[in-house]
1. If the label point is 7 Å along Cα→Cβ of SER146, which residues in the range 184-198 have backbone nitrogen under 12 Å from it?
2. With 20 Å bins from zero, work out the P(r) of the chain over every alpha carbon pair and list the percent per bin.
3. Sort 254-261, 362-369 for me by packing, meaning the mean count of neighbouring Cβ atoms within 10 Å per residue, highest on top.
4. Put a dot 7 Å past each Cα toward the Cβ at VAL359 and ILE252; how far apart are the dots in nm?
5. Taking only Cα atoms, what is the 0 to 90° angle, nearest 10, from helix 310-320's long axis to the longest principal axis of the chain?
6. Figure the gain on full extension for ARG55 and THR295 (residue separation times 0.36 nm, minus the Cα-Cα span) and round it to one decimal in nm.
7. May I ask you to compute the full-extension gain from ASP369 to ALA207, defined as 0.36 nm times their residue separation minus their alpha-carbon distance, rounded to one decimal in nm?
8. Which one, GLY357, ASN319, LEU104, projects farthest toward the positive side of the charge dipole computed for the chain from Cβ point charges (K/R +1, D/E -1)?
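The values are calculated or read from the model by the stated rules, or taken from the named source; none is laboratory data. Since the model is a prediction, treat every value here as computed from it, not as a measurement. FYI the Cβ positions are ideal-geometry reconstructions off the backbone, even for glycines, and counts take in every protein chain you see. Each accessible area value is taken on the protein alone, full model and side chains, heavy atoms only, with ligands, DNA and RNA left out. Shrake-Rupley method; radii C 1.70, N 1.55, O 1.52, S 1.80 Å.
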Amino acid sequence: MRGVLRFLVLLIVVLAIAYVGAWWYVQGRMAMAFRAQEHMLRQAGWTMSHGATARGSSPLAATYSVTDLTLSPPDRGLPTPKITLPSFVMRAKITSPFTLDIGLPLAWHVAMSQGPAFTLQFTTISDQYHFDPNALLDHAPDPLRSGTLNFTGMRIDSADTNFTLISLASLHTDFTRNPAAGRSDTAFTVHETLTGLALSPIFVTLAHLPFDGKLASLQLDADFSGPQLPPFTQSVLTPQTAGVTTNPDAAIAAWQQLGPAVHDWAKGGGHGDFTLAVDLGPLKAHTHGSFGFDTTVQPAGKATLVADGVGAFLGDIANAYPAAVGMISALSAQTAPYMSKAPSDAQRLTVNFALAGGVLTANGKKAADVPPLVWPAPAATPTK
């Protein structure tokens with residue numbers, strides 16, 4: 001009996017030591033991951049600073065925390081945001097050791113390099129990433145498999161006046177990744193739902209915005225397939241391209257950088273499907289389709305657009321902007337052939353688009369010629 005008791009005590013001690021070692025190891029991996037991401041961001045031109053870092057002390061979760069984290073993307077010729085988070089916490093619970101929870105604060109500070117400052121307020125926020133256990137333990141370079149981001153009650157307030165500029169009721173985003181995908185396998189999926197976007201009433205009044213400056217909902221689903229992940233899905237935050245603005249020079253530079261990798265993905269059979277739904281004022285629109293590339297590596301695809309309330313939607317825009325009445329009338333005339341009666345007897349817009357051989361068709365009739373896509377040449381390999 002005493003021998004059994006000694007064995008059990010010894011077993012418990014060994015398991016406790018093993019757990020403490022694993023717990024310390026996981027926290028070390030978190031610290032290494034944070035420093036690696038910091039290095040990548042700096043290499044990509046980001047400015048990053050932070051305060052004290054610390055490992056956790058709770059035996060129920062491995063944690064690594066950072067205080068006063070400040071991030072600023074590369075300056076690309078337009079006002080650049082400087083984002084400050086009072087805290088940033090990485091956490092893996094004992095009940096889900098291969099799920100990384102990112103603890104984000106409910107208040108962020110954003111200061112523009114050439115403009116005002118703002119605060120971002122959230123009611124709730126959750127950010128999680130799931131890793132393949134085998135890939136993670138084998139130190140594989142790409143162990144991330146899926147993730148989710150959810151928040152509710154977001155407000156963007158002026159830092160000086162606490163005046164709410166934009167509010168958002170909720171945002172839900174989730175993605176999955178399969179780095180080992182083949183030609184016919186799904187490599188990346190993203191699903192995003194946004195609800196209750198509203199601009200400040202003062203903006204609505206000053207700019208005469210229709211629909212009270214509100215977007216009821218926006219939903220996007222997209223799947224990418226092919227023998228390798230497209231370059232824009234390689235990570236949650238791609239340091240090489242994050243921070244690209246609408247500056248034309250920056251857009252060209254991003255295309256020059258990403259284009260060759262997209263071309264390789266296209267040549268390897270890259271293709272996908274998408275769904276987009278919008279609820280804006282009287283407009284209820286839904287489109288779904290597929291995209292890919294032909295044998296000459298030129299874009300090809302098809303999509304179906306169904307929209308209710310188009311007439312009222314265009315009428316609201318015309319009432320808000322009388323100068324646009326002529327353009328609205330022309331647009332109404334162009335969409336007239338695609339109108340039909342919905343089950344509710346209201347007018348419904350239904351258009352089946354197809355792109356093939358550089359020709360865009362709508363309901364089987366030619367709509368436009370599409371110029372060929374010119375792929376950028378791969379960057380020259382530096383000579384020694």
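1. What the label zone holds, given the 12 Å backbone N cut-off, is 189-191.
2. 19, 51, 25, 4, 1
3. Those peptides, ordered most packed to least, come out 254-261, 362-369.
4. Using points 7 Å along Cα→Cβ, the separation is 3.3 nm.
5. Helix 310-320 sits at roughly 90 degrees to that axis.
6. Working it through step by step, the gained length comes to 81.1 nm.
7. Between ASP369 and ALA207, full extension yields an extra 54.8 nm.
8. With unit charges placed on the Cβ atoms, the residue in question is LEU104.
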